[in-house]
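One structure below.
The values are calculated or read from the model by the stated rules, or taken from the named source; none is laboratory data. Just so it is clear, the model here is predicted, and its values are computed rather than measured. Because the Cβ atoms are built from the backbone with ideal geometry, glycine has one as well, and the counts that use them run over all protein chains shown.
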Amino acid sequence: MHPTRTLRTLTAAATALALTTTTAHAQTPTYPGHTTSLYITANGTQRDTDHAADAGCAAAQTGRNGLRILFLGTQEHGNRLRHPGTTAKTDTPRVPATTAIDIAQAYAHGFTRCNNGTTTAHLALGVNNKDDGGISGARAGTAWARIVDAAADRADTDHITITGAIDAEPSWSTPAWARAWADAYTDHTQRPLYAANSAGGCPTPGHTTTACNNGWDLADIHYLATGAGPTLRALPQIYRTDGIQARQWANASAWGARHHDRPIRFAGALSQHTACTQRGGCTRTDNTPRDAWTQLRDALNANPATAVTRLPYATDMRWS
């Protein structure tokens with residue numbers, strides 16, 4: 001190669017490297033502020049929609065754009081929902097799954113009524129992967145896709161976009177049940193699915209094992225957060241104050257980068273600080289929204305294979 005041309009090539013490469021480094025540094029995400037997400041304890045009465053409308057109004061009045069999740073509990077046989085945080089043996093009220101549609105519409109109405117004209121939100125209607133409700137994963141995922149689509153038909157506005165959410169945790173079902181749920185959901189709707197999942201028992205970086213709790217492994221964690229389809233976005237539970245959950249998710253993302261050339265698509269981090277304040281019982285699992293989000297960002301950006309330039313959401317759970 002001609003010496004002058006070689007010098008020009010090396011100079012151009014050095015300049016490009018410098019620009020890339022500067023750009024990457026400039027694109028390191030900054031904390032976006034947090035929204036409030038809700039555990040909904042529906043009773044099948046007017047109270048459900050009244051509270052949802054009030055919550056929507058309060059959310060709009062913050063003036064903060066972003067994702068909010070309404071977790072409605074566990075799907076059961078007969079197209080029913082059971083309260084979050086309960087088991088099949090509890091005697092809490094069961095409500096028709098269609099109650100979620102009414103709640104979404106009321107929340108959207110309150111959000112729109114109290115809007116300053118510019119605030120927008122993705123409202124994700126969520127359930128968990130507890131498999132004690134007498135319904136298969138495939139039937140449950142299909143049913144929830146239809147609920148989300150029906151809610152969108154009634155509640156989508158200029159300010160609110162309805163999406164889906166899943167709280168998938170290894171201790172609550174077999175991996176096959178959870179995978180079937182995600183496959184069915186993504187087969188039956190194009191509405192985004194926010195995966196507010198845990199990675200219970202999974203390894204952190206530096207470990208060679210891929211095993212997680214209850215027969216799950218990193219392949220299952222990755223599949224339920226990204227691999228099941230292009231509409232999935234991970235919003236993992238980063239509750240622990242010691243940062244181990246952020247490192248577990250960074251390791252799961254690195255697994256995806258190595259094995260599928262596809263790190264996890266992260267949308268942000270989920271915390272439970274307010275819910276812990278309300279009910280107590282949290283031992284070192286009461287991260288603030290800022291701390292949860294920062295732990296996740298830093299764990300991901302410690303590895304070039306999993307580094308993120310966007311992490312747009314932080315949301316904190318509370319009981320409605």
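Overview of results
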item: The stretch 32-77: number of residues that are buried (at least 18 other Cβ atoms within 10 Å of the Cβ), under 12 Å from residue 104 (Cα atoms) and not aliphatic (A, V, I, L, M); result: 6
item: Given (1) part of a loop (DSSP other than H, G, I, E, B); (2) crowded, with 23+ Cβ neighbours inside 10 Å, index of the condition residue 208 fails; result: (2)
item: Boolean, residue 149 is crowded, with 20+ Cβ neighbours inside 10 Å, among the acidic types (Asp, Glu), assigned to a helix (DSSP H, G or I) and in contact (Cβ under 8 Å) with a residue 40 or more places away in the chain; result: no
item: Hey, residue 290 charged (D, E, K, R), buried (at least 20 other Cβ atoms within 10 Å of the Cβ) and under 17 Å from residue 67 (Cβ atoms) or not; result: no
item: Exclusive hit being at pLDDT 95 or above, among the aliphatic types (A, V, I, L, M) and more than 23 Å from residue 193 (Cβ to Cβ), set 121, 104, 88; result: 88
item: Pair list, Cβ < 6 Å and 6+ apart or interchain, from the stretch 282-296 residues that are without any contact (Cβ under 8 Å) to a residue 40 or more places away in the chain and within 16 Å of residue 30 (Cα to Cα) to residues that are outside any loop (DSSP other than H, G, I, E, B) and not polar (S, T, N, Q); result: 288/273
item: Per-region count, the stretch 248-259, residues surrounded by fewer than 21 Cβ atoms within 10 Å (Cβ to Cβ) and closer than 24 Å to residue 36 by Cα; result: 0
item: Some residue of the stretch 118-125 being under 15 Å from residue 41 (Cβ atoms), in contact with a Lys or Arg (Cβ under 8 Å, 6 or more places away or on another chain) and touching a residue at least 24 places away in the same chain (Cβ under 8 Å); result: no
item: Among the residues listed as 162, 135, the single one being at pLDDT 95 or above and within 15 Å of the chain's Cα centre (by Cα); result: 162
item: Of residues in the stretch 158-191 being acidic (Asp, Glu) and part of a loop (DSSP other than H, G, I, E, B), the one nearest to residue 270 (Cα to Cα); result: 169
item: Options 310, 297, 262, 284: the member that is surrounded by 21 or more Cβ atoms within 10 Å (Cβ to Cβ), of a type in the set (Lys, Arg) and out of contact with any strand residue (DSSP E or B) (no Cβ under 7 Å at 6 or more places or on another chain); result: 297
item: Failed item in (1) closer than 17 Å to residue 250 by Cβ; (2) touching a strand residue (DSSP E or B) at 6+ places or on another chain (Cβ under 8 Å); (3) not hydroxyl-bearing (Ser, Thr, Tyr), with residue 160 passing the rest; result: (1)
item: Out of 182, 196, 155, 225, sole residue that is on the phi < 0 side of the Ramachandran plot, buried (at least 21 other Cβ atoms within 10 Å of the Cβ) and out of contact with any helix residue (DSSP H, G or I) (no Cβ under 9 Å at 6 or more places or on another chain); result: 196
item: Subset of the stretch 272-281 that is touching a residue at least 12 places away in the same chain (Cβ under 8 Å) and surrounded by 15 or more Cβ atoms within 10 Å (Cβ to Cβ) - its residue that is nearest to the chain's Cα centre (by Cα); result: 272
